[in-house]
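*Asks:* Handing you a structure now.
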Amino acid sequence: MKTTEWIEEIAASREQAATHPQAQPLAAFAGIHPAILQLASVYSSPLLAGPPLCEELVSLVRHMFTDEQAELTRHITMPLGASAIEIAGMAERPVAEVEPILEYLANVRGVIFSLGTASWKRYFLLPLVPGVFEMVLMHTSEADLTDWHREFAARFRKLFETGYFGDYGRRPVELGYYLPVREAIPAQSIALPSDHLDLVLDRYKVFGVGLCQCRLSKRLTGGDACSLPMETCITFGGIAERLIQNGRLRKVTRRDVFTIKAEAEDAGLVTLMLAANLKPDVAGISSGMACSCCSDCCYALKVIRDFNAPGIVAAPHFRPNIKALACTACGRCVSVCPVSALTIDPVSRKLVINPQRCIGCGLCSRTCARHAIEMRPVPNYHHPPQTALGLAAHALPNFARNVWRIWRRRTRRDAPASER
């Protein structure tokens, strides 16, 4: 099944969240430094999957950058980035003053990204998510975190809870896919290499692990602390080498990765493989990431469950099938489903599956003591692209449609809902 077909019903019926902030003009933010507002305008771009220019966004950007830092960062152009020499020239300041500030923002704060060596290094802006959120909170120890990180997490959460990111899953863009848990498809000969973590990892030699940014964010912003494993976010390939070098990840072996992921699955977490898990291609890209998600903390699962936008991930290769005679509607599977795809019908008292929401993780199958749920392959499954160029070609049309619709709605607030 193609993701377009999988999400068609959701795309046709999904209502816009009532809490979405409306875009505000720059004049509404009197007293804010112009460079902060300029950066906020960049981050609000639909091309960066950004929110509308709103109070929550400006508040977050004001925390990410001081006025002086924003004055320099605003000279980083998208998508080519800029060198310290170029930024210093545009800011009319000495390179010796500018470069340490950029290095601090990239390597300590994590609000911008740098690539290259001392003799050739460029600085880049990242989308807020996925991008800035992950880099800021990517650490190996909670002891590394400060009140600045706590405030960042709180302001990001307020922005995310406006629901804006759900708009970018209206049409499928497939930022990643969920792996079935080990026990769910043990003997499925139809399983593909991308369904098995060991076969995905065979492409890589360098592996790094860090704390889960979503669970860390929840701890930092208060509420009930998540007791599930924290050191579960794995990065591999070229980008892992860089993040290990600057201390954001701890280097581990391939065997360590399997141990970490097995323990995460045993704790009820599901593995999200980001779409960056790509074979080397003509662009020379070979990097990947694997998160272990829980329904209480994970922002990706919240987009699917709370914002009703499953198009951010690829359609699953396997879906649960209910054996009606064996199922007693005990509800154990309902309680473990991370996206609320399972319900008990109050009239018939039968288990019901919402296929448009199911991510195919297999937790329901593993949890069922009566073996009343089995994972079956989806007919005509559409395999996710395996190279950077293939991913871009696949995602670009729907991403462009999402961007166009969001831009039109932000600039045509008086248009009928059917036209937005």
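The values are calculated or read from the model by the stated rules, or taken from the named source; none is laboratory data. This one's a predicted model, so the numbers in the text were calculated from it and none came from an experiment. Cβ placement follows ideal geometry from the backbone for every residue including glycine, while neighbour counts extend to all protein chains displayed.
*Asks:* For residue 114, state whether it is of a type in the set (S, T, N, Q), over 17 Å from the mean Cα position of the chain (by Cα), farther than 22 Å from residue 52 by Cα and not in a strand (DSSP E or B).
*Replies:* No: the conditions fail for residue 114.
*Asks:* Please name all residue pairs, on different chains or six or more residues apart, with Cβ atoms under 8 Å, provided the first residue is in the range 264-289 and is over 22 Å from residue 358 (Cα atoms) and acidic (Asp, Glu) and the second residue is modelled with pLDDT under 85 and not in a loop (DSSP other than H, G, I, E, B).
*Replies:* 281/388; 281/389; 281/390
*Asks:* Just name the residue that is surrounded by the most Cβ atoms within 10 Å (Cβ to Cβ) out of those in the range 193-249 that are without any contact (Cβ under 8 Å) to a residue 60 or more places away in the chain and touching a Ser or Thr at 6+ places or on another chain (Cβ under 6 Å).
*Replies:* Restricting to residues being without any contact (Cβ under 8 Å) to a residue 60 or more places away in the chain and touching a Ser or Thr at 6+ places or on another chain (Cβ under 6 Å), the top hit is 208.
*Asks:* Which residue pairs have Cβ atoms under 6 Å apart, sit 6 or more places apart or on different chains, and have a first residue in the range 81-108 that is on the phi > 0 side of the Ramachandran plot and modelled with pLDDT under 95 and a second that is surrounded by 15 or more Cβ atoms within 10 Å (Cβ to Cβ) and of a type in the set (Lys, Arg)?
*Replies:* Hits for this filter: 81/122.
*Asks:* Follow-up question, since we're still on this one. Can you tell me which condition residue 285 does not meet? The list is (1) buried (at least 17 other Cβ atoms within 10 Å of the Cβ); (2) at pLDDT 85 or above; (3) not aromatic (Phe, Trp, Tyr); (4) not in a helix (DSSP H, G or I), and all the others hold.
*Replies:* Looking at each condition in turn, residue 285 falls short on (2).
*Asks:* List pairs: first residue in the range 24-49 and in contact (Cβ under 8 Å) with a residue 12 or more places away in the chain, second residue surrounded by fewer than 16 Cβ atoms within 10 Å (Cβ to Cβ) and part of a helix (DSSP H, G or I) anywhere in the structure, Cβ distance under 7 angstrom, at least six positions apart or on different chains.
*Replies:* Close Cβ pairs (under 7 Å, with a partner that is surrounded by fewer than 16 Cβ atoms within 10 Å (Cβ to Cβ) and part of a helix (DSSP H, G or I)) amount to 33/67; 35/67; 36/67; 37/26; 46/407.
*Asks:* Being more than 26 Å from residue 161 (Cα to Cα), surrounded by fewer than 19 Cβ atoms within 10 Å (Cβ to Cβ) and of a type outside the set (Asp, Glu): is that true of residue 108 here? If you could, list the steps in order and put the result at the bottom.
*Replies:* Numbers: more than 26 Å from residue 161 (Cα to Cα): yes; surrounded by fewer than 19 Cβ atoms within 10 Å (Cβ to Cβ): yes; of a type outside the set (Asp, Glu): yes.
Spelling it out, residue 108 is indeed more than 26 Å from residue 161 (Cα to Cα), surrounded by fewer than 19 Cβ atoms within 10 Å (Cβ to Cβ) and of a type outside the set (Asp, Glu).
*Asks:* Which numbered condition trips up residue 345, out of (1) surrounded by fewer than 17 Cβ atoms within 10 Å (Cβ to Cβ); (2) at pLDDT 85 or above; (3) out of contact with any strand residue (DSSP E or B) (no Cβ under 7 Å at 6 or more places or on another chain)?
*Replies:* In the conditions (1) surrounded by fewer than 17 Cβ atoms within 10 Å (Cβ to Cβ); (2) at pLDDT 85 or above; (3) out of contact with any strand residue (DSSP E or B) (no Cβ under 7 Å at 6 or more places or on another chain), residue 345 misses (3) alone.
*Asks:* Could you list, in sequence order, the residues of the range 300-324 that are modelled with pLDDT of 90 or more and surrounded by fewer than 19 Cβ atoms within 10 Å (Cβ to Cβ)?
*Replies:* Passing the criteria: 321, 323.
Conditions tested, residue by residue: (1) of a type in the set (A, V, I, L, M); (2) in contact with a helix residue (DSSP H, G or I) (Cβ under 6 Å, 6 or more places away or on another chain); (3) part of a helix (DSSP H, G or I); (4) farther than 30 Å from residue 402 by Cβ.
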{"site": "36", "(1), (2), (3), (4)": "yes, yes, yes, no"}
{"site": "39", "(1), (2), (3), (4)": "yes, yes, yes, no"}
{"site": "51", "(1), (2), (3), (4)": "no, yes, no, no"}
{"site": "56", "(1), (2), (3), (4)": "no, yes, yes, no"}
{"site": "62", "(1), (2), (3), (4)": "no, yes, yes, no"}
{"site": "87", "(1), (2), (3), (4)": "yes, yes, yes, yes"}
{"site": "93", "(1), (2), (3), (4)": "no, no, no, yes"}
{"site": "102", "(1), (2), (3), (4)": "yes, yes, yes, yes"}
{"site": "106", "(1), (2), (3), (4)": "yes, no, yes, no"}
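*Asks:* Considering only residues that are touching a Gly at 6+ places or on another chain (Cβ under 8 Å) and under 23 Å from residue 166 (Cα atoms), look in the range 123-136 and name the one that is surrounded by the fewest Cβ atoms within 10 Å (Cβ to Cβ).
*Replies:* In this case the residue turns out to be 127.
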